[in-house]
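Here is the structure we will look at.
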Amino acid sequence: MSYITNENMGLQSAESQMVSRFENGTLGNIVSHNYRAAAVLERHGLDFCGGGRTALAEACQQRNVDLATVLAELESLETAEADLPLEDPAKLISYIVAHHHAYVRSSIPVIQAHLAKVAANHGERHPELRQLVGHFDGLSDELTLHMAEEEQVLFPCIIALAEAMRSGGPLPPGIFGTVQDPIRMMEIEHKYVGDTFATIRALSSGYTPPADACTTYRLVYDELRALESDHDRHVHLEDNVLLPRVVIGLIDLGLLKRRHCQDVGGLL
Ligand SMILES: [Fe+2]
Ligand SMILES: [Fe+2]
């Protein structure tokens, strides 16, 4: 990768090579490689616009920020999907929450701040920016609520179901009714969020900034594109990997007839 600059890399362990990749990279190059890194750097007050040519380690020192914490957060963005625990619902849920939910939560305030700034400075010439602010606020509220419902209601039920399937132990009482409604709600909310992203994409001409766009304008379009792309992978894991396993589990436990699968979204 372009921001690997340590000449002694050959003497280092694989783990330290991975760390050095970020440590010696400049803030600008790290964000260019992965726009999701922008939220991490901003959260720690590391300026990748004005200070884009500063190495991460140096920037952390200047701002008195813990380098190891920033490196750990950057590394967590790089988890390969090939390593995902697709067969284990509990582990997959942990991954979804730690990776996708955390990313959405950290991105929302950053994108809202950037959109507000760009709309204030460019809204006169580009009125669609003010519409984008409203649509993104609605999207943010929906996503925040949706993730909380998954974490507090649906995911614990799925983990209990998976554990009962694994151990042959008893299910918590009434789990079918408990799972069925949040699954329906989840699918409705995924559709709403997908439709809102489509509206935002259309208003931004496919996240294409105009010729007179400033750095923040270009950045926020990249951040929105990255958030939608992340959301697509997030929903794919929930709709196409996690939920079919729930339905199969319900059938195996005799709680659902295959012909009634449309009751939980036609998942099979
Ligand atoms: Fe989710
Ligand atoms: Fe979801």
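Could you grab the pairs with beta carbons closer than 7 Å, sequence gap of 6+ or different chains, first residue in region 143-163 and closer than 14 Å to SER94 by Cα, second one of a type in the set (Val, Ile, Thr) and within 10 Å of ligand 1 (Cβ to nearest atom)? Going by the 7 Å Cβ cut-off, the qualifying pairs are MET147/VAL104; GLU151/VAL97; PHE155/ILE93; ILE158/ILE93; ILE159/ILE93.
Of the helices (runs of 4 or more DSSP H) lying entirely inside region 56-172, those containing at least 3 residues that are within 16 Å of ligand 2 (Cβ to nearest atom) and among the acidic types (Asp, Glu) span 128-149.
In this structure, does ARG166 turn out to be in the same structural domain as ARG233 (by TED's automatic domain parsing), free of Cβ contacts under 8 Å to residues at least 40 places away in the same chain and farther than 27 Å from LEU243 by Cα? Show your work before the answer.
Details: in the same structural domain as ARG233 (by TED's automatic domain parsing): yes; free of Cβ contacts under 8 Å to residues at least 40 places away in the same chain: yes; farther than 27 Å from LEU243 by Cα: no.
The answer is no for ARG166.
The residue list HIS101, HIS114, HIS126 contains one member that is surrounded by 18 or more Cβ atoms within 10 Å (Cβ to Cβ) and within 16 Å of ligand 1 (Cβ to nearest atom), which is HIS101. Specify the residue that is farthest from HIS236 (Cα to Cα); the eligible residues are those in region 121-147 that are at pLDDT 95 or above and of a type in the set (Gly, Ala, Ser). Filtering region 121-147 for residues that are at pLDDT 95 or above and of a type in the set (Gly, Ala, Ser), the one farthest from HIS236 (Cα to Cα) comes out as GLY134.
Residues in region 215-241 that are under 18 Å from LEU115 (Cβ atoms) and either charged (D, E, K, R) or within 12 Å of ligand 2 (Cβ to nearest atom) (or both): how many? Result for region 215-241: 7.
The values are calculated or read from the model by the stated rules, or taken from the named source; none is laboratory data. Just so you know, these numbers come straight off a predicted model, no measurement behind them. Glycine also receives a Cβ, built like all others from the backbone with ideal geometry; neighbour counts cover every protein chain displayed.
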